[in-house]
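Report on one structure; see the data block that follows.
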Amino acid sequence: MKKAKCTVCNDTRIEIVPKGRFAVADFCSSCHGSCNLCDGTGFIFENDGLGREHAQRCQCQDLAYRIMLYNNAQIPSQFYDATFENFDISGSPSLKAALATARFSFKNYQNGKWEGLLFMGGVGVGKTRLVSTILREYALKYGIPCLFREFSSLLSEIKSGYDHGLSEMSVLETINNIEILVIDELGKGRKSDWEINILDTIISNRYNMRKTTIFTTNYTDSKSTSYGDVVLQKDGKGGMIESEKRETLEQRVYSRIYSRLKGMCDFILMKGPDFRDPQSRYSS
């Protein structure tokens, strides 16, 4: 009789749960016990042709390594269950195309294509969920070091380092050298000279090192589809009124950075309902 699949991990032997800010992976609590090959030691001892005993790492250690890579990636807890299989395309051709591109990204990487992806589109269409899924695949399936960073959180981390006498490079060293980097919410912030300089440093370093970088942004190449910020303006009568200001991605990050992005990423526009809005979700 064929053994039933584990209902917790689907026989992956890895269980992922939301825990604080980040999703956390561990050996499956339901089906993973002590390794039958190494009895939990992590090593298998064999004799060579001359009868000499030597040790080699057990395959269970590779699983432990991939779990460590996933946890080091710091994927947000919100997307602990994100997979390609449960990504909702809701009949949208652009979401279907984005999913297909994401699925194929490792093939390109494997074939030496270092250029990454830039997912652009409105709020709630699934950009962050999709890039979280990509990192899950790179870490758990392919054993490749990767890292998720939301841009404004990264800036806060750098500022916190200043308070402790640390230079920005103490934070950016990891950002520069990680094999696969996700920067979420590109273009978010006040667009100050300091913020643009940090972004320029990251992008220039990874571009010059030919490191794969994946971005998400609410800003697009057209004002009509780009994110609109609410700003206050004088109404001419001594009061203030709210208005919407729309900028393209190039306007948000300026031409130099935008040009680098074009050289290091394939741009992918995602259009669909706001999955965070129950009304949009139910009506789609």
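The values are calculated or read from the model by the stated rules, or taken from the named source; none is laboratory data. All values reported here derive from a predicted model rather than from experimental measurement. No Cβ is skipped: glycine too gets one built from the backbone with ideal geometry, and neighbour counts run over all protein chains shown.
Filter the range 133-171 for residues that are hydroxyl-bearing (Ser, Thr, Tyr) and closer than 30 Å to Ala100 by Cα and give the result.
Within the range 133-171, Thr133, Tyr138, Tyr142, Ser152, Ser153 meet the criteria.
Kindly establish whether Thr248 is of a type in the set (S, T, N, Q), modelled with pLDDT of 90 or more and in the same structural domain as Arg129 (by TED's automatic domain parsing).
yes
Would you call Glu195 free of Cβ contacts under 8 Å to residues at least 60 places away in the same chain and under 11 Å from the mean Cα position of the chain (by Cα)?
no
Take the residues of the range 31-67 that are at pLDDT 85 or above and touching a strand residue (DSSP E or B) at 6+ places or on another chain (Cβ under 9 Å): which is surrounded by the fewest Cβ atoms within 10 Å (Cβ to Cβ)?
Once the filter is applied, the top-ranked residue is Ala64.
Any residue that is in the same structural domain as Tyr207 (by TED's automatic domain parsing), closer than 19 Å to Ala25 by Cβ and not in a loop (DSSP other than H, G, I, E, B) - is there at least one of those in the range 85-103?
Taking every residue of the range 85-103 in turn, none turns out to be in the same structural domain as Tyr207 (by TED's automatic domain parsing), closer than 19 Å to Ala25 by Cβ and not in a loop (DSSP other than H, G, I, E, B).
Yes or no: Tyr162 farther than 27 Å from Asp26 by Cα, assigned to a helix (DSSP H, G or I) and out of contact with any Cys (no Cβ under 6 Å at 6 or more places or on another chain)?
Judged against the criteria, Tyr162 is a match.
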